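Novice: Take this structure first; my questions come after.
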Amino acid sequence: MTPSVRILTNTTAQYLRTIINVCLSLYSTRLILSALGQTDFGIYSVVAGVVSMLSFMTNALVSTTQRYLSFNHGKADREKTSQVFANSLLLHVVIGTSAFVILALLTYPIVLGVLHIETGRETAAVVVYLSAALMLLFTSFTAPFRALFIARENIVYISIVDVLDGLLKLLIAVFLVYVASSDQLITYSLLLIGISLFNLSAFAIYALRHFEECHIPHWCEWDKRYIKDLSGFAGWTIYSTGCIMARTQGIAIILNRFFGSAVNASYGIAQQVSGAVHFVAQSVLNAMSPQIIKAEGGGNRLRMLKLSEFASKYATLLMAMIVIPLVFEMPVVLELWLHQVPSDAVMFCRFILIASVCDQLTIGLGIANQAIGKIRNYSLTINTIKILSLPSAWLCLRIGLPVDSTMYCYLLFEIICALARLPFLKITAGLSISGFIKNVFLRSSLPILLQLACCYAITQYIEFPYRFLLTIVAGITVGTIATWFGAMTNKEQQTIKDIIFQKLRHQ
């Protein structure tokens, strides 16, 4: 399979996974909110969110492991690839177990001291906290196997497991609404542990059977050289993802301290919507990340930078196609989805979705930086900017500004962070800023502007039941056509035509 065909196949698999999981996730959340109620849903969002702040360690290690595996695949060094996987798995076991023990010891100081939990729900909050800690442990064990699938570019299997994950969560939501009779918040937390075990089993069993570099390592395989390389790279990746998680969950804690769990329900809804939509852009990034890193591993810097431009452009356009119609029709969509929409949920959703599109404009440059391996200065320069939204949000609320001031801070620093990647990659990788602006910013602007105009016209001048369906379909259609004629180069159009014709001939 050629690289172009592989990218298209993996992107298609991820995109289909996204559509299915978005539908499953949105309906599951509606059922869970109905079953738990606004207060318990808010408790779960803020308590589990505190634990998930540490999941950035797992995400960082996945990124690190995948980077080294892809880099060595690019060099065609199978022995080193096997050693990297073995040491990565051992490192995940150590870090995951240590994090679980520390979290368990801090249960009561965090749940009953730091957080504001409604009277009578303290026991349930403790169960949620410990369940989330256990899920973090299993996710840590799963991480190196998932990274191996990405490095191997077996995105189709990842998509299948992710869809099954979404189906299981939907079954849990249905169970809570129609079957469960005891404390539903506790039941929900315990059942989610089973899904974490399913994910670990699905990835580990397949990888052990089909990938020659995958095996259960002995402690004698612990190699200080690999651990040093992995830990050094992962340390700064952890800082980067830690800034993002601290920003996201830190705002949740600030909102909790100022307004209580009710506002956390609104913020939690927005994060779920953002996570569901983010999979659209992630489908491109997951498909292209191994190719970008392998290009650098093979010594082809020019191809690596071109692929990072490609990833940025299409991640932005794919996300904008979904986000723009949703932003215009957010009140109706949330009403149909949840029936009882928490106050401020519309505002939170709009700001976070717009900020996500802004971030995608240069997201491929983050992968490019991973590929070249100069992670320390990038982490300190770029991702420190994200965390600045946290003290800014606290200050705004402290001086009496309304709750939406936190989201203005969120959006402002996301834009600054996206723009800061340009001069950094200019210095470290020789990026042409003018070329990037032309190939990504300018080529993306026409589809986005046409989508905005289309959705604005529909929402301003047309009114009938289920108008949101027209807005979404028209917005995506206009975005797709404008992308083909306005954003794609002739070479990109021809590549897609060749791939489609090749597929048709094989049929």
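Novice: Please verify whether Ser343 is of a type in the set (S, T, N, Q) and either within 28 Å of Arg443 (Cα to Cα) or without any contact (Cβ under 8 Å) to a residue 60 or more places away in the chain (or both), treating the condition exactly as stated.
Specialist: Details: of a type in the set (S, T, N, Q): yes; either within 28 Å of Arg443 (Cα to Cα) or without any contact (Cβ under 8 Å) to a residue 60 or more places away in the chain (or both): no.
Against the criterion (of a type in the set (S, T, N, Q) and either within 28 Å of Arg443 (Cα to Cα) or without any contact (Cβ under 8 Å) to a residue 60 or more places away in the chain (or both)), Ser343 does not qualify.
Novice: Out of (1) assigned to a helix (DSSP H, G or I); (2) under 30 Å from Ile19 (Cβ atoms), what's the single condition that is false for Lys80?
Specialist: Only one criterion is unmet by Lys80, namely (2).
Novice: How many residues are at pLDDT 85 or above and of a type in the set (Phe, Trp, Tyr) when one looks only at region 105-144?
Specialist: Going through region 105-144 one residue at a time, the tally reaches 2.
Novice: I'd like to verify a number: residues in region 208-259 that are more than 17 Å from Leu91 (Cβ to Cβ) and either touching a Leu at 6+ places or on another chain (Cβ under 6 Å) or not in a helix (DSSP H, G or I) (or both), how many?
Specialist: Adding up the residues that qualify gives 5.
Novice: Something else: Check every one of the helices (runs of 4 or more DSSP H) wholly within region 321-419 and list those with 2 or more residues that are surrounded by fewer than 23 Cβ atoms within 10 Å (Cβ to Cβ) and out of contact with any Ser or Thr (no Cβ under 9 Å at 6 or more places or on another chain).
Specialist: By residue number, 345-360, 384-387, 389-398.
Novice: Restrict the check to region 200-214 and report whether at least one residue is at negative phi, at pLDDT below 85, touching a helix residue (DSSP H, G or I) at 6+ places or on another chain (Cβ under 7 Å) and among the charged types (D, E, K, R).
Specialist: yes
Novice: Condition test on Leu167, is it buried (at least 18 other Cβ atoms within 10 Å of the Cβ), in contact with a helix residue (DSSP H, G or I) (Cβ under 9 Å, 6 or more places away or on another chain) and of a type in the set (A, V, I, L, M, F, W, C)?
Specialist: On the way: buried (at least 18 other Cβ atoms within 10 Å of the Cβ): no; in contact with a helix residue (DSSP H, G or I) (Cβ under 9 Å, 6 or more places away or on another chain): yes; of a type in the set (A, V, I, L, M, F, W, C): yes.
So Leu167 fails the test.
Novice: Among (1) over 20 Å from Thr248 (Cβ atoms); (2) of a type outside the set (Val, Ile, Thr); (3) free of Cβ contacts under 8 Å to residues at least 60 places away in the same chain; (4) crowded, with 19+ Cβ neighbours inside 10 Å, where does Phe436 come up short?
Specialist: Of the numbered conditions (1) over 20 Å from Thr248 (Cβ atoms); (2) of a type outside the set (Val, Ile, Thr); (3) free of Cβ contacts under 8 Å to residues at least 60 places away in the same chain; (4) crowded, with 19+ Cβ neighbours inside 10 Å, the odd one out for Phe436 is (3).
Novice: For residues that are surrounded by 14 or more Cβ atoms within 10 Å (Cβ to Cβ) and small (Gly, Ala, Ser), scanning just region 420-431, find the one that is farthest from Lys313 (Cα to Cα).
Specialist: Taking region 420-431 as the starting set, the residues that turn out to be surrounded by 14 or more Cβ atoms within 10 Å (Cβ to Cβ) are 420-422, 424-426, 428-429, 431.
From what's left, small (Gly, Ala, Ser): 420, 429.
Numbers: Ala420: 17, Ala429: 19 Å.
Looking at the filtered set, the residue picked out is Ala429.
Novice: Between Gly299, Gly242, Gly250, Gly260, which is more than 30 Å from Phe485 (Cα to Cα) and either in contact with a strand residue (DSSP E or B) (Cβ under 9 Å, 6 or more places away or on another chain) or without any contact (Cβ under 8 Å) to a residue 24 or more places away in the chain (or both)?
Specialist: Just a single option satisfies the conditions, and that option is Gly299.
Novice: Do we find that Leu185 is of a type in the set (A, V, I, L, M, F, W, C), in contact with an Asp or Glu (Cβ under 6 Å, 6 or more places away or on another chain) and in contact (Cβ under 8 Å) with a residue 40 or more places away in the chain in this structure?
Specialist: Working: of a type in the set (A, V, I, L, M, F, W, C): yes; in contact with an Asp or Glu (Cβ under 6 Å, 6 or more places away or on another chain): yes; in contact (Cβ under 8 Å) with a residue 40 or more places away in the chain: yes.
Yes.
Novice: Kindly list the number of the only condition in (1) at pLDDT below 85; (2) in a helix (DSSP H, G or I); (3) exposed (fewer than 14 other Cβ atoms within 10 Å of the Cβ) that fails for Leu442.
Specialist: All conditions are met except number (1).
Novice: Okay, moving on. Name the residues in region 30-42 that are modelled with pLDDT of 70 or more and either crowded, with 21+ Cβ neighbours inside 10 Å or over 29 Å from Ile476 (Cα atoms) (or both), would you?
Specialist: Matches in region 30-42: Ile32, Leu33, Ser34, Ala35, Leu36, Gly37, Thr39, Asp40, Phe41, Gly42.
Novice: So which residues in region 253-274 are over 17 Å from Arg398 (Cβ atoms), aliphatic (A, V, I, L, M) and surrounded by fewer than 21 Cβ atoms within 10 Å (Cβ to Cβ), if there are any at all? So that I can check it myself, show each step before the final result.
Specialist: So in region 253-274, the residues over 17 Å from Arg398 (Cβ atoms) come out as 261-262, 264-274.
Going one step further and asking which of them are aliphatic (A, V, I, L, M), we end up with 262, 265, 269-270, 273.
If the condition is that a residue be over 17 Å from Arg398 (Cβ atoms), aliphatic (A, V, I, L, M) and surrounded by fewer than 21 Cβ atoms within 10 Å (Cβ to Cβ), then Ala262 is the only one that fits.
Novice: So which of Leu170, Leu164, Leu176, Leu192 is closer than 20 Å to Cys23 by Cβ, without any contact (Cβ under 8 Å) to a residue 40 or more places away in the chain and assigned to a helix (DSSP H, G or I)?
Specialist: Leu164
Novice: Just checking, which of Arg225, Arg209, Arg303 is closer than 22 Å to Leu425 by Cβ and over 15 Å from the mean Cα position of the chain (by Cα)?
Specialist: The match here is Arg303.
The values are calculated or read from the model by the stated rules, or taken from the named source; none is laboratory data. Since the model is a prediction, treat every value here as computed from it, not as a measurement. Cβ atoms come from the backbone with ideal geometry, glycine included; neighbour counts cover every protein chain shown.
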